[in-house]
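I have placed the structure first, in the form of structure tokens, so that the comments after it can refer back to it.
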Amino acid sequence: MLTAKRKVLIVMGSESDLPVMQEAAKMLSAFGVPFEMRIASAHRSPELLDEIVADAEKGGAAAIIAGAGAAAHLAGAIAARTVLPVIGVPLDSSPLKGVDALYATVQMPPGVPVATMAVGVAGAKNAAIFAAQILAAADGKMEKLLKRYKRDLADEVKRKSRVKPLK
């Protein structure tokens with residue numbers, strides 16, 4: 001069920017980030033958004049990062065999701081190289097439990113914006129939903145899918161609120 005015409009690029013700083021970033025991939029798949037996943041380090045492979053970002057632009061990517069931990073400069077390094085929307089996912093991969101990654105991702109200078117999500121799995125899922133919302137601005141089918149998703153979330157809460165009181 002491919003809905004979106006444009007794809008989303010998911011980039012992570014290392015292979016150890018894959019379990020969390022796969023959650024973004026699962027959400028994109030659920031919305032029918034094609035995606036590609038790549039590994040590149042802002043610090044260890046800047047030339048590779050240049051190639052990946054250039055390929056995303058040439059390939060018509062709609063947005064880039066970047067997940068990294070510790071110093072977490074990946075999203076900012078990508079945002080410095082493109083005008084595509086960049087969505088940062090701070091990861092908990094250091095003794096500081098993701099706080100360092102959160103600060104590194106959210107504290108961008110003027111002119112180099114990064115939309116920053118929550119630390120970890122919730123952030124990866126929200127990054128995919130946010131990417132789908134970017135696509136929905138020009139895709140009525142995607143907008144309908146997202147509205148249905150939000151209704152389903154609300155319905156789930158309503159179902160759970162019907163728990164019988166203790167006697």
Checklist entry - Do we have Glu36 as at pLDDT 95 or above and assigned to a helix (DSSP H, G or I) here? => result no
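Before we move on, is Ala137 under 19 Å from Phe35 (Cα atoms) and in contact with a helix residue (DSSP H, G or I) (Cβ under 9 Å, 6 or more places away or on another chain)?
Details: under 19 Å from Phe35 (Cα atoms): yes; in contact with a helix residue (DSSP H, G or I) (Cβ under 9 Å, 6 or more places away or on another chain): yes.
Yes; evaluated as a whole, the condition is true for this residue.
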Checklist outcome for this item: Inside the stretch 139-161, the number of residues satisfying the requirement of being of a type in the set (D, E, K, R) and within 19 Å of Arg6 (Cβ to Cβ) is 4
Checklist entry - Within the stretch 56-68, can one find any residue that is farther than 18 Å from Gln133 by Cα, in contact with a helix residue (DSSP H, G or I) (Cβ under 8 Å, 6 or more places away or on another chain) and in contact (Cβ under 8 Å) with a residue 40 or more places away in the chain? => result yes
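Quick grid of which residues meet (1) more than 16 Å from Asp17 (Cα to Cα); (2) among the aliphatic types (A, V, I, L, M); (3) in contact (Cβ under 8 Å) with a residue 40 or more places away in the chain; (4) in contact with a strand residue (DSSP E or B) (Cβ under 6 Å, 6 or more places away or on another chain):
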{"residue": "Met37", "(1), (2), (3), (4)": "no, yes, no, yes"}
{"residue": "Ala71", "(1), (2), (3), (4)": "no, yes, no, no"}
{"residue": "Ile87", "(1), (2), (3), (4)": "no, yes, yes, yes"}
{"residue": "Gln107", "(1), (2), (3), (4)": "yes, no, no, no"}
{"residue": "Ala122", "(1), (2), (3), (4)": "no, yes, no, no"}
{"residue": "Ala138", "(1), (2), (3), (4)": "yes, yes, no, no"}
Checklist outcome for this item: Quick count over the stretch 10-26, residues being within 13 Å of Ala75 (Cβ to Cβ) and free of Cβ contacts under 8 Å to residues at least 60 places away in the same chain, is 1
Item to check | Checking Ala128 against (1) among the small types (Gly, Ala, Ser); (2) in contact with a Leu (Cβ under 8 Å, 6 or more places away or on another chain); (3) farther than 20 Å from Ala25 by Cα, the condition it does not meet | outcome: (3)
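The values are calculated or read from the model by the stated rules, or taken from the named source; none is laboratory data. Just so it is clear, the model here is predicted, and its values are computed rather than measured. Cβ coordinates were reconstructed from backbone atoms using ideal geometry, including for glycine residues, and neighbour counts include every protein chain displayed.
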